[in-house]
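Take a look at the structure set out below.
Bear in mind that the values in this text are calculations on the coordinates, not laboratory data. Computed from a predicted structure; not experimentally measured. Here the Cβ is made from the backbone with ideal geometry for all residues, glycine too, and neighbour counts use every protein chain on show.
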């Protein structure tokens with residue numbers, strides 16, 4: 001299990017990020033692709049082909065998030081949990097080997 005803490009611009013962005021990448025009821029990961037990055041804004045695509053943007057606190061958070069999500073997008077890992085606390089999103093994943 002790997003865990004990362006991502007700091008977003010505000011509480012709203014944290015809730016949006018957590019809801020867009022993982023649904024606890026179905027234990028399902030929604031994010032399918034990171035389309036682009038503009039400074040601190042990440043543009044992602046989810047399973048229904050819709051596109052959304054999430055604004056993170058700084059470029060360091062962007063690098064942390066994109067590195068962490070790479071194995072998810074490549075289907076080498078899957079998200080098992082997300083927790084939010086104000087502007088912080090904790091994402092847990094397990095490797096699929």
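Remarks
- Set of the range 77-92 residues, backbone N closer than 12 Å to the point 7 Å along the Cα-Cβ line of residue 11: 85-88
- Helix-only [θ]222 nm of the chain, DSSP H runs n ≥ 4, -39500 (n - 2.57) each, per residue, nearest 500: -8500 deg cm²/dmol
- Dmax and Rg, reported as Rg then Dmax, of the range 2-95 (C-alpha, Å): 11.7, 33
- The range 1-21 versus the range 22-42: alpha-carbon centroid distance in Å: 10 Å
- Multiplying the residue separation of residue 75 and residue 39 by 0.36 nm and subtracting their alpha-carbon distance yields 10.3 nm.
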